[in-house]
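Note sheet for the following structure.
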Amino acid sequence: MPNLTKIPQEEGIDHTLSLLREGYMYISNRRRSFHSDVFATRLLGKKAICIGGKEAAEIFYDNEKFKRKKAAPNRALETLFGQNGIQTLDGEAHKHRKDMFMSIMTPEGLKNLTNVTKQQWQTAVDKWERMDKVVLYDEVQEIMCRTACQWAGVPLKEDEVKKWTNDLGAMFETAASVGPAHWLGRNARNRVEKWIGDLIVQVRDGKVNPPENTALHTFAWHRDLNGKFLDTEIAAVEVINILRPIVAIAVFINFTALAVYHFPEERKKLESGDEKYALMFIQEVRRFYPFFPFVAALVKKDFTWKGYQFEEGTFTLLDLYGTNHDPKIWDNPEVFNPKRFANWADSPFSFIPQGGGDYFMGHRCAGEWVTIEVMKVSLNYLVSNEF
Ligand code: HEM
């Protein structure tokens with residue numbers, strides 16, 4: 001038996017309220033006060049371990065140590081993720097489903113996405129010229145909804161654009177909410193699942209024919225490990241796993257606009273059209289601003305790490321925001337400095353705004369390249385137009 005060290009423990013019956021109150025800073029605050037990248041607490045009425053930093057991310061994405069089945073709280077499944085989607089799978093079933101997602105993330109697929117995004121931005125900018133006031137977040141969500149549907153092969157009726165934009169937005173905006181806001185997100189998910197579920201049926205009946213290599217086509221015809229088509233509901237959940245997060249890129253685009261506004265000297269550098277600098281700027285936006293606070297998993301089987309015992313079944317959170325602001329990884333993490341990415345030694349575990357590890361073997365975000373491509377196009381519009 002190895003010498004075990006007691007995990008620093010936050011005292012008290014339950015800390016869910018502190019988590020909701022402190023949000024992005026909840027784990028970082030305690031990592032700092034405990035001087036430890038691991039601490040134990042109680043969340044949602046059960047024991048939980050919180051971990052953060054590069055080495056913590058390395059163990060969190062080790063499929064032998066953590067699993068996802070039954071890890072996501074119901075509240076998140078009812079709004080953000082949906083039931084039985086890729087986020088809840090492990091092992092071979094996860095790998096097979098992940099291959100389905102990554103099969104549409106080809107260079108041609110991404111080039112097509114870039115073109116669609118440019119086209120939708122241009123149409124919107126032309127429209128904005130005739131408007132007195134533009135609310136950027138709302139407008140960009142609409143651009144992203146149109147982009148997402150066009151790229152995914154999902155037919156979108158003009159008089160329903162606002163409705164589906166709002167519903168797709170509500171799913172991620174209410175993910176951490178309670179009360180009426182939670183129900184808003186839940187109802188939005190129910191409506192979108194019905195819409196996309198009906199489309200899956202129509203594709204399989206030959207009544208709707210999306211272009212090949214789009215998400216709607218690929219997921220409708222995907223076969224699981226038993227050679228069967230996905231259940232209609234699951235295929236819909238997975239198509240929504242493409243649509244919803246593309247609409248969510250509106251959050252990063254708003255932060256991009258904020259950064260361009262807050263740091264005028266950066267704007268000048270961006271106006272020169274240096275593509276390498278534009279990418280560094282985008283990476284810094286993704287590192288600096290808050291988006292996804294943490295990810296959850298369950299300990300798969302007992303193991304020890306740095307002398308600490310992790311017991312099978314323990315609910316564990318990995319601090320994404322705090323790892324992107326970890327002074328052990330980043331010099332002056334609270335300073336917005338795109339140049340830090342000039343000679344950055346790429347590690348899949350230290351820069352984790354969209355999760356860490358390997359795209360194909362783990363749960364790292366399937367849409368990270370999509371996000372970067374869409375942000376590149378959007379940044380270009382933001383710096384080359386006077387809004
Ligand atoms: C808007 C910016 C985005 C952020 C901040 C984000 C963040 C994340 C995070 C934190 C995860 C979970 C990683 C984990 O469980 O360890 C994730 C997973 C995922 N994301 Fe994203 N994402 C974004 C955009 C996208 C886009 C644009 C797509 C699709 C086009 C996408 C599709 C997915 C999928 C399918 C998964 C599940 C992967 C798996 O479980 O294997 N995301 N994302």
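Since every read-out is calculated from the coordinates, none of them should be taken as a lab result. Being a predicted model, the structure only gives us computed values, none of them experimental. Don't worry about glycine lacking a Cβ; one is built from the backbone with ideal geometry, like all the others, and counts go over all protein chains shown.
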Residue order, fewest to most beta carbons within 10 Å, for Asp302, Asp326, Asp205:
Asp205, Asp302, Asp326
Among the aspartates and glutamates, which have Cα under 16 Å from the Cα of Lys95 when same-chain residues fewer than 8 positions away are ignored?
Asp62, Glu64, Asp224, Glu238, Asp358
By per-residue mean of other Cβ atoms within 10 Å, what is the highest-first order of 151-159, 221-229?
151-159, 221-229
What FRET efficiency, computed as 1/(1 + (r/R0)^6) with R0 = 25 Å and r the Cβ-Cβ distance, is obtained for Trp183 and Val161, rounded to the nearest 0.05?
0.60
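So what is the calculated 222 nm ellipticity per residue for the chain, using -39500 (n - 2.57) for each DSSP H run with n of 4 or more, over all residues, to the nearest 500 deg cm²/dmol?
Estimated from H runs of four or more residues: -16000 deg cm²/dmol.
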Just want the ordering: Glu10, Glu212, Glu265, from fewest to most Cβ atoms lying within 10 Å of their own Cβ.
Glu265, Glu212, Glu10
Förster-model FRET efficiency, 56 Å R0, Met102 and Lys6, C-beta, rounded to 0.05
0.85
Can you tell me which lysines have their Cα less than 26 Å from the Cα of Lys46? Leave out same-chain residues fewer than eight positions away.
Lys6, Lys54, Lys65, Lys67, Lys69, Lys70, Lys300, Lys301, Lys306
Using θ = phi - 60° and Karplus 6.51 cos²θ - 1.76 cosθ + 1.60, couplings along region 210-224 (whole Hz; Gly, Pro as x):
x, x, 4, 6, 7, 4, 4, 5, 4, 6, 5, 9, 5, 10, 6
Name the residue farthest towards the positive end of the dipole of region 16-384 from the options Phe66, Leu89, Asn166, assuming +1 on Cβ of Lys and Arg, -1 on Cβ of Asp and Glu, about the Cα centre.
Phe66
Loop-located trypsin sites (Lys or Arg not before Pro) in region 1-41, at most 10 other Cβ atoms within 10 Å (DSSP)
Lys6
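Net charge near Val299: determine it from the other residues with C-beta under 14 Å of the C-beta of Val299, scoring Lys and Arg +1 and Asp and Glu -1.
That sum, taken over residues with Cβ under 14 Å, equals +3.
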Check Val154: other-chain or 5+ apart residues with amide H under 5 Å from its amide H, H built from backbone geometry?
none
To the nearest 20 debye, what is the magnitude of the charge dipole of region 242-387 about its Cα centre, counting +1 on the Cβ of each Lys and Arg and -1 on the Cβ of each Asp and Glu?
60
In the Gaussian network model of the chain, springs joining C-alpha atoms below 10 Å, which of Lys376, Lys98, Lys194 carries the largest mean-square fluctuation?
Lys194
Quick test of the membrane-span-like rule: which DSSP H helices of the chain reach at least 20 Å along their long axis (C-alpha atoms) with mean Kyte hydropathy at least 0.0?
232-262, 368-384
Check Trp305: other-chain or 5+ apart residues with amide H under 5 Å from its amide H, H built from backbone geometry?
Phe310
Going residue by residue through region 329-346, the Karplus relation 6.51 cos²θ - 1.76 cosθ + 1.60 with θ = phi - 60° gives ³J(HN,Hα) values, rounded to whole Hz and with x marking Gly or Pro, of 9, 10, 6, 6, x, 8, 9, 7, 9, x, 4, 4, 8, 5, 10, 6, 7, 3
Counting sequence-distant residues (5 or more places) and residues on other chains, those with an amide H built under 5 Å from that of Phe66 are Lys300
When only DSSP loop residues count, what GluC sites (Glu not before Pro) in region 16-92 have their Cβ near at most 13 other Cβ atoms within 10 Å?
Glu64
May I ask you to list the lysines whose Cα is less than 25 Å away from that of Lys118, ignoring any residue fewer than eight positions away on the same chain?
Lys127, Lys133, Lys157, Lys162, Lys163, Lys268, Lys269, Lys276, Lys376
Take Met144, Met102, Met375, Met280 and order them by how many other Cβ atoms sit within 10 Å, fewest up front.
Met102, Met280, Met375, Met144
Would you please report the Å³ per residue occupied by the convex hull of the alpha carbon atoms in the chain?
147
